[in-house]
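One structure is given here, and the rest of the page talks about it.
The values are calculated or read from the model by the stated rules, or taken from the named source; none is laboratory data. Nothing here was measured: the structure is a model prediction, and the numbers come from that model. Cβ sites come from the backbone with ideal geometry, for glycine too, and all protein chains shown count toward neighbours.
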Amino acid sequence: MNLNGNALSGAIPSCLGNLTSLRYLDISNNRFTGNIASTPLTNLTMLQFISLSKNQFQVPVSFNSFANHSHLEVLLADENKLVAEPIGFHIWRPKFQLKIFSLFYCTIEEHGKLRLPNFLYFQHDLRYVDLSLCNFGELRFPHWLLQNNTRLEKLILKDSSIVGPLSLSPHPNSKLSVLDISNNKIQDEIPRNFCSLFPHLQYLFMSQNALTANIPLCLGGLRRLGMLDLSHNSLFGEIPEELGMSLSLFYLRLSNNSLSGKIFPKLYHLFNSLAGLYLDGNKLEGKILDFSPISFKNLELDVSDNHFYGKLPRWLWNNTELEILDFSKNHFEGPIPMGLCNLVNLEFLDLSLNHLSGTIPSCSNLQRVLHVHLAKNKLGGTLSDALFINSSLVTLELSENNLTGRIPDWISTLPALSVFLLKANQFEGEFPVHLCRLQSLSILDLSQNKLSGHIPSCLSNLTLKPRSEKSYTGSSDFGLLLFDEVMVDMGLTIYNLIGGSEGNKDYPFTFQEEEVEFSTKGARYTYKGNILELLSAIDLSCNQFTGIIPPGLGNLSEIRGLNLSHNNFTGPIPTTFSKLKQIESLDLSYNNLNGRIPPQLTEVTTLEVLSVAHNNLSGPLPDRKNQFGTFEESSYEGNPLLCGPPLNKSCHEGDSPGSPSASSSEEHGFIDMGDFYISFAVSFAIICLTTIIVLYINPYWRRAFFYCIEDHSIAGYFFIVDCLRRLLYFKRNN
């Protein structure tokens, strides 16, 4: 019976318990609920195969509800809720001998310490065991599982809370072909007898642990080893030359360790057979020489974040099958060769954080490239010629170079472009209106350039929706049909014919992950993975933009960061910004904005960082409610006419965010100096004319005045100056 992949819910019907001759039962990928121990499944003692995976069952960790199932060989309970039980209930001896047991990605229904199912101690014929992504609470490596099951072929314990050293049984296991103990807390070094215990390993994954010491030389002698992942550990020393002698190894990942030494040309043979080579995040050094490996055929090559130097080698551009190329974070110099255009299958290119110079090649034939990172080099010239014109380009990062000229129109022909970063170059001219046609755009950084003019209102037409295309994970054909292989070996091919839920269970691999740097919330952050998918932001800071901020920007409802600081914007802050319900960072500082801060902004409850510092804003600050209650004085500094908490300057009595006096102060907060000078000149002329007329009519006053001028000219001068000063003060304050 196969009920896989429906929307069945509720408890399992009791009548199912009448099918006592049932041998195969698949009820996976549904919404069944209830405790397995109280279902009619306990009556189906003839079952040979049962799949409970991907439901909402409560599964007792002891699995003692299957105590009478003497024929059971395959038990699949992935993605259900395990129920922890008291210690006494764990001890029972089953009547069955399983060949396949999978408990992938289980969650705990009740709080308590979860233990390995006790019945596993009595199993002696297991071929396939998957206990990955289950938290068993500081579990020691179960070496007894290998010792008791000498025919075990696949053991997957990824992310299973294994701690301590890798303690192995002294008895070899000649059948084990796949061992995955990645993403645990295994410490110390890889045992020296590791290779002799598992001589027929084909796939070994030990990444994301705390392994130390050198890479064992014997790993290069495993004649069937095809994939080896020791990344994200603390391994040190040089890469053993013996690794490259393996004729079967086609995938090697040693990323993010402390490996050192030179690999060129000593280990050039690594490039001859491997389809995927990842050496990023180490301390490797040396110059990559310009002679070609014998038969270079890498599909994925990552040597980023090391200490390699010299020019980019010519042999690199002869590999037309190359899909991933990452030479970033090194010390490469010189130009980017035109040979780059030969890589017609390239999907991911990262040459950022080097010392590359010259112009960027025109490669309009790279139709498959998705992500291009050339930031933080010394590249110059313009982008007037076609760079990567294709319909697939998602990321174009050219920040922190010496690129000049205008942003070209051909950018608008990239319908999939989602991340466009030109920060810290020498681009000039007005804001490129054609960017408004990029409906897939979600991250735009044009900051620290020489752009000028007004911001076009069409910018508000961008949707800025979250996009999964931004988070790139390199795909590969290295899937391992682990489950099917074992099923066929057991002769259970009928399950494949009816299309079971686990029949095509490929082993997952993660290769290159897209990563982008972006400044927001007053700091520079690195975004990757799922977080990058959600980021939507615009940064136009440190340019020469003028005019008002278009009110239509308030329609960018998906935006999370907006930076317009260090420009020459004038006019008020748009009240439409209150519609930015997702925004987390808003920076309008260092402009010439005036008027009040819209009190409607207090309705934006997602705002974490706000800066309107160093403008000409005036009037009372918005009420300190919601997020505005968290903003400090630094958010408003440099605006002498602002008042109210958290500033030390209080507003005039009676002023409030909605009072007429506040509005009047906003409208007439500045003295019209032209009117003042005219009134002053007229007043001064009237005083002078009146004095002359009086002195002409009265001879006594005329003689006294000239006597005063003759004997007290200096005092009279200061008297006149004081009068003028008092008059000026009076006009300013009234």
In this structure, does Thr602 turn out to be among the β-branched types (Val, Ile, Thr), surrounded by fewer than 16 Cβ atoms within 10 Å (Cβ to Cβ), under 28 Å from Arg524 (Cα atoms) and within 31 Å of the chain's Cα centre (by Cα)?
-> no
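Condition check ((1) surrounded by 22 or more Cβ atoms within 10 Å (Cβ to Cβ); (2) touching a residue at least 24 places away in the same chain (Cβ under 8 Å); (3) not in a strand (DSSP E or B)) across all residues:
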| residue | (1), (2), (3) |
| --- | --- |
| Ile407 | yes, yes, yes |
| Ser412 | no, yes, yes |
| Pro415 | no, yes, yes |
| Ala424 | no, yes, yes |
| Glu428 | no, yes, no |
| Cys436 | no, yes, yes |
| Ser440 | no, yes, yes |
| Leu444 | yes, yes, no |
Go through the residues of the stretch 496-516 one by one and say whether even a single one is touching a helix residue (DSSP H, G or I) at 6+ places or on another chain (Cβ under 9 Å), modelled with pLDDT of 60 or more and of a type outside the set (Asp, Glu).
-> yes
Just name the residue that is surrounded by the fewest Cβ atoms within 10 Å (Cβ to Cβ) out of those in the stretch 217-236 that are more than 16 Å from Leu270 (Cβ to Cβ) and in contact with a Leu (Cβ under 9 Å, 6 or more places away or on another chain).
-> Arg223
Count - residues of the stretch 574-599 that are farther than 21 Å from Phe518 by Cβ and surrounded by fewer than 22 Cβ atoms within 10 Å (Cβ to Cβ) | 11
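Table: residues versus (1) among the hydrophobic types (A, V, I, L, M, F, W, C); (2) surrounded by fewer than 15 Cβ atoms within 10 Å (Cβ to Cβ); (3) within 17 Å of Tyr251 (Cα to Cα).
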{"position": "Lys158", "(1), (2), (3)": "no, no, no"}
{"position": "Ser182", "(1), (2), (3)": "no, no, yes"}
{"position": "Cys195", "(1), (2), (3)": "yes, no, no"}
{"position": "Ile215", "(1), (2), (3)": "yes, no, yes"}
Take Thr45 and decide whether it is surrounded by fewer than 20 Cβ atoms within 10 Å (Cβ to Cβ) and out of contact with any strand residue (DSSP E or B) (no Cβ under 6 Å at 6 or more places or on another chain).
-> yes
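For every residue, the table says whether it meets (1) more than 29 Å from Leu641 (Cβ to Cβ); (2) in a strand (DSSP E or B).
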position: Arg524; (1), (2): yes, yes
position: Ile538; (1), (2): no, yes
position: Gly554; (1), (2): no, no
position: Leu562; (1), (2): no, yes
position: Ser589; (1), (2): no, no
Pairs under 9 Å by beta carbon, first residue within 17 Å of Leu289 (Cα to Cα) and in the same structural domain as Gly380 (by TED's automatic domain parsing) in the stretch 315-334, partner assigned to a strand (DSSP E or B) and among the basic types (Lys, Arg), six or more apart or different chains?
-> Phe332/Lys311; Glu333/Lys311; Glu333/Lys378; Gly334/Lys311
Has the stretch 264-277 got at least one residue that is modelled with pLDDT under 85, touching a helix residue (DSSP H, G or I) at 6+ places or on another chain (Cβ under 8 Å), among the aliphatic types (A, V, I, L, M) and in the same structural domain as Ile360 (by TED's automatic domain parsing)?
-> yes
Conditions (1) touching a strand residue (DSSP E or B) at 6+ places or on another chain (Cβ under 8 Å); (2) free of Cβ contacts under 8 Å to residues at least 12 places away in the same chain: number failed by Gly571 = (2)
Filtered residue count, the stretch 354-371, keeping only those that are more than 25 Å from the chain's Cα centre (by Cα) and of a type in the set (A, V, I, L, M) = 3
Checklist (1) in contact (Cβ under 8 Å) with a residue 40 or more places away in the chain; (2) crowded, with 22+ Cβ neighbours inside 10 Å applied to Ser255, failing item | (2)
Right, Leu249: over 31 Å from the mean Cα position of the chain (by Cα), modelled with pLDDT under 90 and surrounded by 21 or more Cβ atoms within 10 Å (Cβ to Cβ) or not?
-> yes
Can you name the residue in the stretch 1-50 that is among the β-branched types (Val, Ile, Thr) and part of a loop (DSSP other than H, G, I, E, B) and is also nearest to Ala67 (Cα to Cα) among such residues?
-> Thr45
State whether the residues of the stretch 101-111 include one that is among the acidic types (Asp, Glu) and surrounded by fewer than 20 Cβ atoms within 10 Å (Cβ to Cβ).
-> yes
Can we say Gly137 is outside any strand (DSSP E or B), more than 27 Å from Phe250 (Cα to Cα) and at pLDDT below 90?
-> yes
Just to be sure, is Phe545 free of Cβ contacts under 8 Å to residues at least 40 places away in the same chain, surrounded by 21 or more Cβ atoms within 10 Å (Cβ to Cβ) and under 25 Å from Ser418 (Cα atoms)?
-> no
If we scan the stretch 84-93, do we find a residue that is outside any loop (DSSP other than H, G, I, E, B), more than 44 Å from the chain's Cα centre (by Cα) and more than 24 Å from Gly5 (Cα to Cα)?
-> yes
